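Encoded as structure tokens, the structure appears first; notes follow it.
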Amino acid sequence: MGALPSSDTTDIEPAADNLYYATATEELTDMNSTTDHRDKTPWQTRFSRALRERWWVIVLTMLVIGVVALAVSFLAESRYKATAQVVYASREAYLASQALTSSGSAELLHNVSSDALTLQTSEFMNRVSTVLGGSTGVDSLRDSVAIKPQPEVDVIQIGVTEYDPVRAAEIANAFAAEFVAQRRESIETLLNDASQVIESRIASLAPEEEASGLGTALKQQRDDLALSLAMGIADYQILEKAVAPSSPYSPRPWTNLLIGLAGGLLLGLLVTWILERRDPRLKDQPALQAVMDLPVIASVPLGTRKKGKALPATGAAIGFRQGNEALLESIRMLRANLKVLGFGESRRSVLVTSASPGEAKSMLAANLALGMALSGDRVILVDADLHAPAIHKYLELHNDRGLGDVLKEKGIPWSSKIQVVELAPFVDSNLLPASESGDGKSVISKFPCITSGPLPDHASDVLESGPLGEVLDELQGFSDYVILDGPPLSAADALTVALTVDAVVLAGVLGKETAPEALNARELLRQAEIPVLGIVTCTEKPQPGAARYLHAPTEEYDEEPL
């Protein structure tokens, strides 16, 4: 039973004529008002599902943005960053402050953040530009220089980014040197001003005052100021000179690649979630049940195979060969569920249809007929899709005669159009019954089938005017079960066929059918008062717990956790 899901299940139904699959023209204005059809699946589940389905969007976005970031990095011109540092010289600043305070002047103020602002003024940058020979203007300096004060360690960092590494180091060192020189000049100005004040006071003293202690103190202050001037005190010193960098500061290709990949990941996740939110497809059974307001009576895999075992040439899972064990089990469950719902007793004929084309209805009808025949049921399969028939292809029958002939030319017996489907080509030899049962009665090893026959020019008219109901009544007398493969409900004549049968079974491929299509199908069936036994979901792999015997009321489907 652990067969692998087939990867070749894309084209389930033959391509159909667009004119045939025109949407029904009836306006269903109350469609959205009758039920709340929003997907109530938890967002975590939806997001996880979106990641599984659209992982390629995330990978593609990461690759595109990463490659673009890497390409831009390699194409961009390299820039180099050189850094110089100046540090507050506390000892020298203390000496200058002592000399100034002893002369009665204000002491030097210490604030690294405020001092760093000097480096960013146009006046200072003009000074540096002059020192550099005027080759770099003030605006260029402002764009290339970044000043970063570090008050906690009394350091000012001067970073310069240039295309030439030597030029970057030259500018950084010029900023550092000129800042120290400016600070020295500022202190010298303060010391000279204080010295002039002291000289003025000494000159104003009388000879006896000059010889007194006051005169001596003033002369000491003058000498201290002269000594400080001679020392060339500056309250900042160069802590580290800039050197020409050997590698570029930007671009950094591999760093940019990582940033691009991270940005692509975030963008890809966002795009994936947006696509998931805007995707109208019904991707799980709870969402499909909520929209259709019908129970899921079985879940049938589209195709399964064991390693090394190929699927039939039709591309769909038809029959119960070795490797299709999961399909056989699903069909058996479907058969049991249909019988519980009255198929074969009060309801002798069932139409297998779908909301839209390509939802594996023909595959489901063919397998249901094979499964019922294999179980000993007297069943007949009729292909009533006169626009895009598929039964003859799946069961390898001729289509030169069929239902269309019976409906077009009244008086032609349907028995003349019957073909026989042998079980042996479609069923594993171990599953085939013996030629006779234990009580001597013959067992069923084949079943009759009426294909669509040559396609008429006006199929809708043929179905409406032809004796389809009479044919079905006669077929019900010939067999216990009549299974019709009909057109999808998006076709104009789908209701015509549905009104001739006792009940309808809807086939739906999870992830293909959209909410509007399902709503349209539900309203069409409701307004026509056509009984629907339930939905059969067709998936690429079996849905655990999806198909089960219906020994409980229908309400159980709404209450039982999935």
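The values are calculated or read from the model by the stated rules, or taken from the named source; none is laboratory data. Worth saying up front: this structure is predicted, and the values here are computed from it rather than measured. In this analysis, Cβ positions are derived from the backbone assuming ideal geometry, glycine residues included, and neighbour counts consider all displayed protein chains.
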Give, as residue ranges, the helices (runs of 4 or more DSSP H) completely inside segment 358-426 that count at least 1 residues that are assigned by TED's automatic domain parsing to the domain that holds ILE535, crowded, with 24+ Cβ neighbours inside 10 Å and modelled with pLDDT under 90. 403-408
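Quickly run through segment 465-494 and pick out the residues that are under 39 Å from the mean Cα position of the chain (by Cα) and buried (at least 22 other Cβ atoms within 10 Å of the Cβ). Break it down stepwise before answering.
Of the residues in segment 465-494, the ones under 39 Å from the mean Cα position of the chain (by Cα) are 485-494.
ASP485, GLY486, PRO487, PRO488, LEU489, ALA491, ALA494, listed by residue number.
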Across segment 122-166, what is the number of residues that are β-branched (Val, Ile, Thr) and either outside any strand (DSSP E or B) or without any contact (Cβ under 8 Å) to a residue 40 or more places away in the chain (or both)? 9
Does any residue in segment 208-229 that is farther than 16 Å from ILE187 by Cα come within less than 7 Å, Cβ to Cβ, of a residue that is outside any helix (DSSP H, G or I) and at pLDDT 80 or above six or more places away or on a different chain, and which pairs are these? GLY215/LEU205
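Hey, does segment 428-447 have a residue that's part of a strand (DSSP E or B), farther than 27 Å from ALA507 by Cα and not hydroxyl-bearing (Ser, Thr, Tyr)?
First pass over segment 428-447, keeping only residues part of a strand (DSSP E or B): 436, 442, 446-447.
Going one step further and asking which of them are farther than 27 Å from ALA507 by Cα, we end up with 436, 442.
From what is left, the residues that are not hydroxyl-bearing (Ser, Thr, Tyr) are 436.
Yes: one or more hits.
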Quick check on segment 455-464. Is at least one of its residues modelled with pLDDT of 85 or more and buried (at least 20 other Cβ atoms within 10 Å of the Cβ)? no
Search segment 34-54 for residues being at pLDDT 70 or above and in a loop (DSSP other than H, G, I, E, B), and hand back the single one that is farthest from ALA518 (Cα to Cα). ARG54
Set ALA242, ALA287: member being in the same structural domain as ALA116 (by TED's automatic domain parsing), aliphatic (A, V, I, L, M) and surrounded by 18 or more Cβ atoms within 10 Å (Cβ to Cβ): ALA242
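Just give me the residues in segment 354-393 being small (Gly, Ala, Ser) and under 24 Å from LEU455 (Cα atoms), in sequence order. Walk me through how you get there before you give the answer.
Restricting attention to segment 354-393, the residues satisfying the condition of being small (Gly, Ala, Ser) are 354-356, 358, 360, 362, 365-366, 369, 371, 373, 375-376, 384, 388, 390.
Those that are small (Gly, Ala, Ser) and under 24 Å from LEU455 (Cα atoms): SER354, ALA355, SER356, GLY358, ALA360, SER362, ALA365, ALA366, ALA369, ALA384, ALA388, ALA390.
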Within segment 246-299, how many residues turn out to be out of contact with any strand residue (DSSP E or B) (no Cβ under 7 Å at 6 or more places or on another chain) and either among the aromatic types (Phe, Trp, Tyr) or assigned to a helix (DSSP H, G or I) (or both)? 30
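If you take the residues in segment 130-144 that are more than 17 Å from TYR163 (Cβ to Cβ) and over 54 Å from the mean Cα position of the chain (by Cα), which one is modelled with the lowest pLDDT?
First pass over segment 130-144, keeping only residues more than 17 Å from TYR163 (Cβ to Cβ): 130-131, 133-134, 138.
If we keep only those that are over 54 Å from the mean Cα position of the chain (by Cα) as well, we get 130-131, 133-134.
Working: THR130: 92, VAL131: 91, GLY133: 88, GLY134: 82.
Once the filter is applied, the top-ranked residue is GLY134.
Within segment 309-316, is even one residue modelled with pLDDT under 75, closer than 30 Å to MET372 by Cα and touching a strand residue (DSSP E or B) at 6+ places or on another chain (Cβ under 7 Å)? Talk me through it step by step, then tell me what you get.
Step one: filter segment 309-316 for residues modelled with pLDDT under 75, giving 309-316.
Checking which are closer than 30 Å to MET372 by Cα leaves us with 309-316.
From what is left, the residues that are touching a strand residue (DSSP E or B) at 6+ places or on another chain (Cβ under 7 Å) are 311.
Yes, segment 309-316 has at least one match.
With respect to ARG522, is the statement that it is on the phi < 0 side of the Ramachandran plot, in the same structural domain as LEU475 (by TED's automatic domain parsing), free of Cβ contacts under 8 Å to residues at least 24 places away in the same chain and of a type outside the set (A, V, I, L, M) true?
On the way: on the phi < 0 side of the Ramachandran plot: yes; in the same structural domain as LEU475 (by TED's automatic domain parsing): yes; free of Cβ contacts under 8 Å to residues at least 24 places away in the same chain: no; of a type outside the set (A, V, I, L, M): yes.
Answer is no for this residue.
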How many residues are within 15 Å of SER140 (Cβ to Cβ), more than 45 Å from the chain's Cα centre (by Cα) and not aliphatic (A, V, I, L, M) if we restrict to segment 155-182? 3
Can you find even one residue in segment 11-21 that is within 30 Å of ALA365 (Cα to Cα), surrounded by 16 or more Cβ atoms within 10 Å (Cβ to Cβ) and at pLDDT 50 or above? no
Of those in segment 79-97 that are small (Gly, Ala, Ser), surrounded by 14 or more Cβ atoms within 10 Å (Cβ to Cβ) and at pLDDT below 90, the residue nearest to the chain's Cα centre (by Cα) is ALA89
What's the number of the only condition in (1) crowded, with 16+ Cβ neighbours inside 10 Å; (2) assigned by TED's automatic domain parsing to the domain that holds GLN98; (3) not in a loop (DSSP other than H, G, I, E, B) that ALA226 fails to meet? (1)
For segment 496-519, give me the residue count where each residue is in contact (Cβ under 8 Å) with a residue 60 or more places away in the chain and in a helix (DSSP H, G or I). 7
Failed condition for SER228, given (1) among the small types (Gly, Ala, Ser); (2) modelled with pLDDT under 80; (3) more than 30 Å from TYR94 (Cα to Cα), with all others met? (3)
